[in-house]
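**Student:** One structure follows; several queries about it will come next.
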Amino acid sequence: TNGAAGIRLAYAMAEQAFVEGGINRVLLATDGDFNVGTTSFEALKNLVEEKRKTGISLTTLGFGTGNYNDHLMEQLADAGNGNYAYIDTLNEARKVLVEQMSATLQTIAKDVKIQIEFNPQIVAEYRLIGYENRILAREDFNNDKVDAGEIGAGHTVTAVYEVAFTGSTGERVEPLRYQATQPGAAGPRGELAFLRLRYKAPDGDTSKLIERPVRKADLIDELDETSSDFRFAAAVAGFGQLLRGSKYMEAFGYDDVRSLANGARASDPFGYRGEFVSLVALTQTLSVPEATAQITQ
């Protein structure tokens, strides 16, 4: 219940047993319902941000329902240079603490920042799906003093964008009357976008820069020709937007999510993708159409 006191004690013990060049991490298993001692959200984040300077990371493992504080748990892990997982089943515990143990505990890159610049001559509009609380100011990309996310061994991070090409029927925003545009012209060397990535070594303070162009020629026209990982990520992103009642989903519904995910299950030795499909089906069952709800009332 006194979460702040527990966190301080855990860091003190980790500092005493600090292993130079090894894994130094606090595992916080809780429902996040801190109501004794320091209970302020910002104060708890400041505490963890201060403690991460010791070289000790914080991983949060969420348990429980009802009074569970998901926002706090995710933000504490973010501030503590760690990761976050919600453990609701034995299968999920095995996933996080057995199959993905190295990704959970072993950091291979810290303060990872990703920046993508779309070519306005080819891309009329774009929208990042998710990551609202991880967006950095443009000027912070080159600032090594600004904290960012960590990557664990074997960990994969996926960013999904919705893109509308210039001159297509996918644009949602009317063009500006007084802004000159040159649609249809190819960008530098036919580039669709330009990707920049910065990261620091786990024990480093200076970031390294990787730059790569994304070429229009690399586009895949048919969905069935994309990888199963791509299609499954798209299904998960669509499901998340449906749960949040996104105004951009239009005719895309739960049946589309299930169809897309089922076609992308590929090799699923632990049944994680199958579990996702079951979750979508359950959510669809619990989703009552507005008209039906009005009749019931």
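The values are calculated or read from the model by the stated rules, or taken from the named source; none is laboratory data. Note that this is a predicted model, so its numbers are computed, not measured. Note: ideal-geometry Cβ built from the backbone for every residue, glycine included; neighbour counts use all protein chains shown. Heavy atoms of the whole protein, side chains included, go into the accessibility calculation; ligands, DNA and RNA do not. Shrake-Rupley method; radii C 1.70, N 1.55, O 1.52, S 1.80 Å.
**Student:** Just need the relative contact order of the chain here, percent rounded to a whole number, with Cα pairs under 8 Å and 6+ apart.
**Tutor:** Details: 394 pairs, mean separation 37.0, N = 297.
It comes to 12 percent, rounded to a whole number.
**Student:** How much accessible surface area, in Å² rounded to 10, belongs to the heavy atoms of Phe165 with a 1.4 Å probe?
**Tutor:** 80 Å²
**Student:** Continuing with the same structure: Running a GNM on the chain with Cα contacts under 10 Å, which residue among Leu72, Leu97, Leu243 ends up with the highest mean-square fluctuation?
**Tutor:** Looking only at Leu72, Leu97, Leu243, the largest GNM fluctuation is found for Leu243.
**Student:** I need the chymotrypsin sites (Phe, Trp or Tyr not before Pro) found in the stretch 41-117, filtered to DSSP loop residues with at most 11 other beta carbons within 10 Å of theirs.
**Tutor:** On the way: sites: Phe41, Phe63, Tyr68, Tyr84, Tyr86; in loops: Phe63, Tyr68.
Within the stretch 41-117, no chymotrypsin sites (Phe, Trp or Tyr not before Pro) qualify (loop, at most 11 other Cβ atoms within 10 Å).
**Student:** Pull up the DSSP beta bridges for the chain and report the antiparallel fraction as a percent, rounded to 5. Present the calculation step by step, with values, prior to reporting the outcome.
**Tutor:** Details: 24 of 33 bridges.
About 75 percent, rounded to the nearest 5.
**Student:** Mind grabbing the accessible area of Asp111 for me, 1.4 Å probe, Å², rounded to tens?
**Tutor:** Number for this one is 20 Å².
**Student:** Given an 8 Å cut-off on Cα distances and at least 6 residues of separation, report the relative contact order of the stretch 40-196 as a percent. Mind dumping the intermediate values first?
**Tutor:** Working: 193 pairs, mean separation 38.2, N = 157.
Answer for the stretch 40-196 is 24 percent.
**Student:** Please report the relative contact order for the stretch 1-97, taking Cα pairs under 8 Å with a sequence separation of at least 6, and give it as a percent rounded to a whole number. Intermediate results must be reported in sequence, preceding the final value.
**Tutor:** Working: 141 pairs, mean separation 27.0, N = 97.
The normalised contact order for the stretch 1-97 reaches 28 percent.
**Student:** Each residue of the stretch 268-278 in order: what ³J(HN,Hα) in whole Hz does its phi give by Karplus 6.51 cos²θ - 1.76 cosθ + 1.60, θ = phi - 60°, with x for Gly and Pro?
**Tutor:** So the Karplus estimates, Gly and Pro as x, are 10, x, 9, x, 5, 6, x, 5, 5, 4, 5 Hz.
**Student:** Any of Lys200/Lys247; Lys45/Lys110; Lys110/Lys247; Lys95/Lys208; Lys51/Lys200 with alpha carbons more than 27 Å apart? Name them for me. List each step's numbers first, then the result.
**Tutor:** On the way: Lys200/Lys247 38 Å; Lys45/Lys110 18 Å; Lys110/Lys247 35 Å; Lys95/Lys208 31 Å; Lys51/Lys200 19 Å.
Long pairs (Cα-Cα over 27 Å): Lys200/Lys247; Lys110/Lys247; Lys95/Lys208.
**Student:** How much of Glu132 can a 1.4 Å solvent probe reach, expressed as accessible area in Å² and rounded to 10?
**Tutor:** 110 Å²
**Student:** While we're looking at this one, here's another question. Applying the Karplus parametrisation 6.51 cos²θ - 1.76 cosθ + 1.60 with θ = phi - 60° to the phi angles of the stretch 124-141, what ³J(HN,Hα) value in whole Hz is obtained for each residue in order, glycine and proline being reported as x?
**Tutor:** The phi angles translate into 7, 9, 8, 9, 7, 9, x, 6, 4, 8, 10, 6, 9, 5, 4, 6, 7, 4 Hz.
**Student:** Hey, could you grab the Kirkwood Rh for the stretch 75-132? Inverse mean 1/r over distinct alpha carbon pairs, Å, one decimal. Mind showing how you got there, number by number?
**Tutor:** Details: mean 1/r = 0.0678 Å⁻¹.
In the stretch 75-132 this quantity evaluates to 14.7 Å.
**Student:** Now for a different question. Arrange the residues Glu20, Glu92 by how much accessible surface each exposes, largest first, with a 1.4 angstrom probe. If you can, show how the numbers build up before the last one.
**Tutor:** Values: Glu20 160, Glu92 35 Å².
Ranked from most to least accessible, the order is Glu20, Glu92.
**Student:** What is the diffusion coefficient of the stretch 239-284 in µm²/s, taking the Kirkwood radius over Cα pairs and the Stokes-Einstein relation at 4 °C with a viscosity of 1.567 mPa s?
**Tutor:** Values: Rh = 11.2 Å.
Reported coefficient: 116 µm²/s.
**Student:** Mind ranking Met249, Met13 by accessible surface for me, highest first, 1.4 Å probe? Spell out each step's value before the answer.
**Tutor:** Working: Met249 25, Met13 120 Å².
Result, largest first: Met13, Met249.
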